[in-house]
1. Ignoring ligands, DNA and RNA, how much accessible area is buried between chains B and A, both sides summed, with a 1.4 Å probe, to the nearest 100 Å²?
2. Could you tell me which of B:Asn150, B:Ser132, B:Val176 has its Cα farthest along the dipole of region B:109-179 towards the positive end, charges placed at Cβ (Lys, Arg +1; Asp, Glu -1), taken about the Cα centre?
3. Using the Karplus equation 6.51 cos²θ - 1.76 cosθ + 1.60 (θ = phi - 60°), what ³J(HN,Hα) coupling, rounded to whole Hz, does each residue of region C:196-209 give in order, writing x for Gly and Pro?
4. Sequence-distant or interchain residues sharing an amide H contact under 5 Å with C:Gln300, placed H: which?
5. Kindly identify region A:238-289 as rounded, prolate or oblate by the Cα gyration tensor criterion: order the square roots of the eigenvalues as a ≥ b ≥ c, call it rounded if a/c is under 1.5, otherwise compare a/b with b/c, prolate if a/b is larger, else oblate.
6. Which whole-number value in Å³ per residue fits the convex hull of the alpha carbons of region A:120-198?
7. With the Cα gyration tensor of the protein assembly as shown giving a ≥ b ≥ c as the square roots of its eigenvalues, does the rule (a/c under 1.5 for rounded; else a/b larger than b/c for prolate; else oblate) give rounded, prolate or oblate?
8. Can you list the residues, at least 5 places off or on another chain, whose amide H is less than 5 Å from the amide H of A:Tyr184, using H built in the peptide plane?
Amino acid sequence: MRYSIAELARLLGLAFQGDGERVLSLVSGWDTADNESLIFIDGQKPTEFSSNLLPGACVLTSQQLVYSHWNAILSEKPKLDFSRAAEFLAPRPIGQGLIHPTAIIDPEATIEEAVEIGPYVVVGARTRVGRSSILMAGVSVGENCTLGENCILHPRTILYPGVQLGNRVTLHAGAVVGGDGFGYIFDGRKHVKFPQVGSVVIEDDVEIGANTTIDRGSLGVTRIGCGAKIDNLVQIAHNVEIRRGVVIAAQTGISGSTVIEDHAIIGGQVGFGDHARVESGAVIGSKAGVLPGKIVRGGQVYWGVPVRPLQEYKKLNALFGRLPEMKKQIDQLMVKQRELEEKFSKLLSKEE
Amino acid sequence: MRYSIAELARLLGLAFQGDGERVLSLVSGWDTADNESLIFIDGQKPTEFSSNLLPGACVLTSQQLVYSHWNAILSEKPKLDFSRAAEFLAPRPIGQGLIHPTAIIDPEATIEEAVEIGPYVVVGARTRVGRSSILMAGVSVGENCTLGENCILHPRTILYPGVQLGNRVTLHAGAVVGGDGFGYIFDGRKHVKFPQVGSVVIEDDVEIGANTTIDRGSLGVTRIGCGAKIDNLVQIAHNVEIRRGVVIAAQTGISGSTVIEDHAIIGGQVGFGDHARVESGAVIGSKAGVLPGKIVRGGQVYWGVPVRPLQEYKKLNALFGRLPEMKKQIDQLMVKQRELEEKFSKLLSKEE
Amino acid sequence: MRYSIAELARLLGLAFQGDGERVLSLVSGWDTADNESLIFIDGQKPTEFSSNLLPGACVLTSQQLVYSHWNAILSEKPKLDFSRAAEFLAPRPIGQGLIHPTAIIDPEATIEEAVEIGPYVVVGARTRVGRSSILMAGVSVGENCTLGENCILHPRTILYPGVQLGNRVTLHAGAVVGGDGFGYIFDGRKHVKFPQVGSVVIEDDVEIGANTTIDRGSLGVTRIGCGAKIDNLVQIAHNVEIRRGVVIAAQTGISGSTVIEDHAIIGGQVGFGDHARVESGAVIGSKAGVLPGKIVRGGQVYWGVPVRPLQEYKKLNALFGRLPEMKKQIDQLMVKQRELEEKFSKLLSKEE
């Protein structure tokens, strides 16, 4: 999309300086910018900028960092407003109604208007795909699914039967939603599969990373709340509840029936036992481990296996690094104590 | 499938009470049950049940928990018998012989009767697919593979050439079986690939999770034994042997040539070095790490990096949490010892 | 491919003994060898070899281990030279120019000669596929991609738009290259997506494992250097730089903008915070954790969370195992010190 600097500033509710008529058509890094690029500077000016020459057509930055001869949109939060600007200059694509002739759409499926379906897509019976959604090459959607409006399913994403997506959900390539949960009961001889007949509900504005797997509920529902953002290669087990606005980094795994409340932030490679609960606003550092059934209180930062409040864990970890010193001190104490005891005994025997 | 309460109880070898003619057609959780649902209660009655009203047509529970006016199938192991009931009410699907016209099956492949093949499936030369197996949309099976009877390959699963599956194997979406093992020899300048020309054998009744990867043997075989259950996003390297009935939770990684013996249970996000061995019946907790070449003895529970017996590890971990106290005690001991020494010296000098 | 023992030895620049005319057609393990197999023995002779009977047509081994009546190619580095021999006997496949009629190739794409394209492949507009590359079943290549010569994309690999591959790149099944990086700015109410409009460059001779995910740069480039080898289920975030010859084992995750310099070796399940840097030749053990911004010095081995030099970490870990002993020693010291103080006080009071 193309906007003049003045238009874009107006849409963002920000002031600008310089040539308001200048046209912008993309967002760029300052090292790859061209003559229609919007770039941004946030906090620290790249040293290359000392020349005062602006690479690109316009910079989004703060009053403090701008040079008077630059074209600039002025912001107190350059990184946030640059991201907002990108929503105009490089908007999320919207379906244009093209359906590739190789797509196999069950006659009982409902495809709303402006839906775009790529080659070799398969859509099952009684599935409904909402307005302007995009299903890219090789996507497979099972029976009885519901997709809201403006969803984007990247190539080869897979929905098992009965999955529900809200509006503006993005699934990256290779993501698998609705696979069987992992539950077996040992009968003394073999593992009998516990039924995995529940469903998955993914609410509005969720983004799910590449090759992430989200299992269906065993009997109930696995739910991903509004606006949650989940990175690549994450595992979400049956009956998990991820609430509104939660952020989960790559390769984290969440066991069955665990609940992550609103706006919690979870680092990468974190592991959660089953039936745990993370309260609203908690932050859990990368590689941490949360024990089954554990309740992690809100509004704090945690780290470690098992998780402890960050400050406590950092202190313990520092002491872990001082174990050799502590060991040596103990050894010395024991030697000196023995010496002192001996001297004392000698003194006592002399006294008698 | 539909069964009367009396029929189902008879198939399970259990007693029932109430209306034996009542028809059941699905298993449900107690909160989503409808008038043909079988539900179960195991140990703890949901508080909502205090009303004595049974949600659903029948409950599978123990004599201790049942109300006399309920329709019930009585069991001392409700969760296990509910799972067995689900095998009747919601049985694993079996191929019905439909082959989608877009499936590309090599003329040299052998497809036995009742095999079901979905759209855009590709089957390579000299591959044999056993009776009643199901290959869902977009599955890709390489040359020279063998699939037993009643296998289910979910959408977009991939078998490299030469993979062998037993009977009733289930592969979830995106699983990749038979990819090259990861082995290189550095020649001083570059990494030369060690040949990865072995195969993968997956025995009967194995279930493999979504986006899990199982590499082929480099020269020999990677083997997954009868009835093993492997969760999502697990990595199994070349020449690994997973024996009968082993259970492996999500995101665990097993390095080359490691052996996991019968009925071991492995948690999520566990890592194994190469050439390790886990003896029969060992249990390894989530996020544990097993060093290369390590032998983990059977019949015990382990945790930690590197793994230690659970009780030992828990004790160590508790002491880790007491490091600040230990540090303080050492500091105090050093102060007091110095004081004592000084007092003692003073005394000695007085004595002389 | 078929070579006589004499020809193969000449190609490898090695001496041989025995029947130089004997034909070899495959590499095998000694337990699965047939009468055209080259096998190898490196260091330790399998006990089964005590019979002196050579399983297979020829052994590649050292002067010290060979029997005089064997057909043998002699090498001081048998494992390396066996790997080199495999490059002749079981060479990497090269495209033969077959394009399956179901492949959907955009009219604006450029397919060079001898490219091989399997069924249900999709190639986007303005993408160029270099000579003799192979795109297997169901591969999806977006718009504006560039693939060099002799690349192999295994089934269902996915390139998002704008990805560049060098020559002889191998992508295993289910790998996803060029997905959006994971970056959001919280506006106080919701997560606004930071633009993910950069690209991915994968240089010559890189191999990427199954279901691995490599995100595009947010504004700049994510780069994988010449000859790097990356295992299955690895996560590489936006703007990461993996340099020449780096090796990364399975399930490791690398956060945004981290740099791994030449020939570093990274174990499995390692986690890297963002903006970290691993210097050339460093080795990081499995399950280690590197903090954001951390610089890991080259030429050393590291382990632990957070990483420490291996020897230091091993020492700390050994002391961790001795915490119960240390605790006990501290307790005894405190008891004895109290006793000594009391005795001393008693003595003093007697003195007075």
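The values are calculated or read from the model by the stated rules, or taken from the named source; none is laboratory data. Note that this is a predicted model, so its numbers are computed, not measured. Note: ideal-geometry Cβ built from the backbone for every residue, glycine included; neighbour counts use all protein chains shown. What goes into the accessible areas is simple: the full protein's heavy atoms, side chains included, and nothing from ligands, DNA or RNA. Shrake-Rupley method; radii C 1.70, N 1.55, O 1.52, S 1.80 Å.
1. Interface area, both chains combined: 5000 Å², rounded to the nearest 100.
2. B:Val176
3. Listing the rounded values in order: 10, 10, x, 9, 10, 10, 10, 7, 4, 6, 7, 10, 10, x Hz.
4. Result for C:Gln300 returns C:Ala282, C:Val283.
5. oblate
6. Dividing the Cα hull volume of region A:120-198 by its residues yields 95 Å³.
7. The shape class here is rounded.
8. Close amide H contacts, sequence-distant or interchain: A:Phe194.
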